[in-house]
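So the structure is just underneath, and the comments pick up after that.
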Amino acid sequence: MPTQTGLRTPAPQATARARELVEPALRAAVATLHPLPARMAAFSFGWCEADGTPAPSPGGKGVRQAFALLGAEAVGAPEEAAVQAAVAVELVHTFSLVHDDIMDGDERRRHRDAAWKAFGTGPAVLTGDALFALAVQTVAGAGGGHAGRAVAHLADCLGELVRGQADDLLFEDRPWTGPDAVSIPEYEAMAGRKTGALLGCALSLGPVLAGAPALQTGALVEAGRRLGVAFQAVDDLLGIWGDPLTTGKPVHSDLLRRKKTLPVLAAVARGGGATGRELTRLLGSETVPDATAAQRAAALVEAAGGRGFALEEARRHAAAAQACLRGAGLVESATGELVALSAQLLERRL
C-alpha cells in the first residue's frame, strides 16, 4: 500500500497516545459492572488472566480508540468527547468479539482462550450484553447538548453491524456456485456493515458528541465503511495465509471451516477450467477438509487469482477511505495521522 512521504511516523504515537488517554477511563467504566462480567470483561480486554491475575501485557492493538481520538481531533472536538467516544467504541468492539467467538465457535482469541471457552457460553453472552449496555450508558451520560444525537448515531452503527453479522451467518448456508451463490458485491456490502460500521462509528462518534457538521461526520462514516471492507479483505487473507504466531489461529483456519471469504469467493467466480472445478469440489464436499485438503485449496485459491484480487480490493477501498478523509475539510494534522494509521495497519496486517 503506498503511503505519503512524512506520514509513516505518527501512527505508532497515535495508538500509544490513545491508549494512555483512553485506558484509565475504560477501566473505570468496566469497574462499574457487576463483578462477574467485570472480571470477564477485564479478561477480554487482556488486562488479566481467567483467574484474575494481572496479564503481563495489554491485549489488542488499540486501533479503534486511536481512530476515535483522531476522528474527534479532526473536527477540533474537545478531548473529553474524544475519550468518551473511544471508551464507547472499545466497549462495543469487545462486545462484538465476545459474541462473534460464540457464534463462530472460535476457541482462541489473541493467543489464549476465547471468553466463552474460559468462562462458559452463558457468562460470555451476559458479559457481551453488559458491555453493550455500558457503551450506551457512556454515550448517554456524556456532557453537552448532543448526547441524544450521539446515542442515536451509535444505535444506527450497531444496527448496521448486526445486519452485516446476520448476512455473514446466512452466507454460510448458500452454495458456492449457481444463481444463489454469494456475489463479490454482496460480500463487500456485508463487510462494510459488519466491520466498517464500527470503524465509521469510531471515526465519527466524537465529532457527533461535539456537534460537528453532518458533512464531516458523514465523510468520516463513509471512510470507516471503506476501511472496514479493506480490513476485512486483509483479515480474509490472514485467515488463509497468516502466520499462526501472528493470528493466534491455525494455518488455513478459514479453509478448514469452509468459510466464504473474499479471496475464496473471487477464486470460485474467476477461476475456470480444472482449477475452478477442483476448488469447487473441495469446498462443496460433505467431508470436512483436513490439513492436506486445506493446503491444496489454498494453492488453488492463489492459482485462480483470489489472493491477488483480495489484496487489490483492500488497497482500492483503503485509497477511497483516504480520499474521503482528505476531502472533508478536516484538521490537516489529524487527517495525516488517520491516513498514516490506516495505511500502516494494512501494510502490517498483509
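Below is a table of values for the structure above.
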| quantity | calculated |
| --- | --- |
| Test: residue in the range 105-115 that is aliphatic (A, V, I, L, M), buried (at least 17 other Cβ atoms within 10 Å of the Cβ) and over 18 Å from Leu227 (Cβ atoms) | yes |
| Single match in Thr217, Thr246, Thr177 (criterion: surrounded by fewer than 18 Cβ atoms within 10 Å (Cβ to Cβ) and either in contact (Cβ under 8 Å) with a residue 40 or more places away in the chain or closer than 22 Å to Ala74 by Cα (or both)) | Thr177 |
| Positions within the range 259-299 being touching an Asp or Glu at 6+ places or on another chain (Cβ under 6 Å) and either free of Cβ contacts under 8 Å to residues at least 24 places away in the same chain or among the aliphatic types (A, V, I, L, M) (or both), in sequence order | Leu262 |
| Some residue of the range 85-94 being assigned to a helix (DSSP H, G or I), at pLDDT 95 or above, of a type in the set (Ser, Thr, Tyr) and out of contact with any Cys (no Cβ under 8 Å at 6 or more places or on another chain) | yes |
| Test set (1) crowded, with 19+ Cβ neighbours inside 10 Å; (2) touching a Ser or Thr at 6+ places or on another chain (Cβ under 9 Å); (3) of a type in the set (Lys, Arg) - Lys61 fails condition number | (1) |
| Failed condition for Ser57, given (1) part of a helix (DSSP H, G or I); (2) free of Cβ contacts under 8 Å to residues at least 40 places away in the same chain; (3) of a type in the set (Gly, Ala, Ser) | (1) |
| Number of positions in the range 229-245 that are β-branched (Val, Ile, Thr) and either touching a Gly at 6+ places or on another chain (Cβ under 8 Å) or farther than 17 Å from Pro185 by Cα (or both) | 2 |
| Wholly within the range 106-185, helices (runs of 4 or more DSSP H) carrying at least 3 residues that are touching a Lys or Arg at 6+ places or on another chain (Cβ under 7 Å), of a type outside the set (Val, Ile, Thr) and at pLDDT 95 or above | 147-171 |
| Restricting the range 260-306 to residues that are in a helix (DSSP H, G or I) and β-branched (Val, Ile, Thr), the residue that is nearest to Ala191 (Cα to Cα) | Val264 |
| Scan of the range 1-54 for residues that are modelled with pLDDT of 70 or more, farther than 27 Å from Gln137 by Cβ, outside any loop (DSSP other than H, G, I, E, B) and not hydrophobic (A, V, I, L, M, F, W, C), ordered by number | Gln13 |
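The values are calculated or read from the model by the stated rules, or taken from the named source; none is laboratory data. Please read these numbers as outputs of a predicted model, since none were measured by experiment. Reconstructed Cβ throughout: ideal geometry from the backbone, glycine too, with neighbour counts over all protein chains shown.
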